[in-house]
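Below is one structure, written out as structure tokens, with a few remarks after it.
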Amino acid sequence: VQLVESGGGLVQAGGSLRLSCAASGIIFSIFAMGWYRQAPGKQRELVAAITSGGTTNYRDSVKGRFTISRDNGKNTVYLQMNSLKPEDTAVYYCNVQSTDFWGQGTQVTVSS
């Protein structure tokens with residue numbers, strides 16, 4: 001199984017980024033997928049998740065700003081991040097839910 005994230009970078013507060021996670025080696029469409037993040041000195045936390053049927057959930061701090069989506073034809077899960085804040089700065093990882101399959105992470109830095 002391979003998960004490859006992309007789309008991170010440096011952005012000013014209020015800006016937007018779109019993260020992508022391309023999966024291979026799994027039957028992508030049957031798995032729930034999640035985006036996590038880990039800031040320096042903090043524990044990894046769930047940001048958003050999407051079930052195989054498209055049901056989504058978000059941590060409270062990103063509701064209304066972030067949108068998770070998936071394209072089963074491309075084996076890819078996305079995280080659209082709008083109105084970014086400095087506290088969103090972290091390494092973002094995608095995960096096949098209920099497994100130990102993780103991507104390598106992509107850095108998101110939001111400057112104030």
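The values are calculated or read from the model by the stated rules, or taken from the named source; none is laboratory data. In this text the structure is predicted, and so the values were computed from the model without any measurement. Quick reminder, even Gly has a Cβ in these numbers, built from the backbone with ideal geometry, and neighbours come from all protein chains shown. Side chains are part of the model used for accessible areas, which takes the heavy atoms of the whole protein and leaves out ligands, DNA and RNA. Shrake-Rupley method; radii C 1.70, N 1.55, O 1.52, S 1.80 Å.
List of remarks:
- From the alpha carbon centroid of region 10-45 to that of region 49-112 is 4 Å.
- Taking N as the residue count of region 30-112, its C-alpha radius of gyration divided by 2.2 N^0.38 Å amounts to 1.06.
- Taking every DSSP bridge with both residues inside the chain, close to 90 percent are antiparallel.
- Remark: the chain carries 51 Å² of accessible area per residue (probe radius 1.4 Å; ligands, DNA and RNA excluded).
- Each of ASN95, SER111, SER69 was scored by the projection of its Cα onto the charge dipole of region 61-111, and the greatest displacement toward the positive side belongs to SER69; charges sit on the C-beta of Lys, Arg, Asp and Glu.
- Under 5 Å between amide hydrogens, built in the peptide plane, is the criterion, and for GLY105 it picks out GLU5, CYS94 among residues at least 5 positions away or on other chains.
- Building the convex hull from the alpha-carbon atoms of region 64-105 and averaging its projection over directions returns 3.9 nm².
- From the Kirkwood radius over Cα pairs of region 1-57, Stokes-Einstein at 4 °C and 1.567 mPa s returns a whole-number translational diffusion coefficient of 97 µm²/s.
- Of the trypsin sites (Lys or Arg not before Pro) in region 1-47, the ones in a loop by DSSP (not H, G, I, E or B) with at most 16 other beta carbons within 10 Å are LYS42, ARG44.
- Simple point charges give the picture: +1 on the Cβ of Lys and Arg, -1 on the Cβ of Asp and Glu, and for the chain a dipole about the Cα centre of about 160 debye.
- The chain - percent relative contact order, Cα under 8 Å, separation 6 or more: 37 percent
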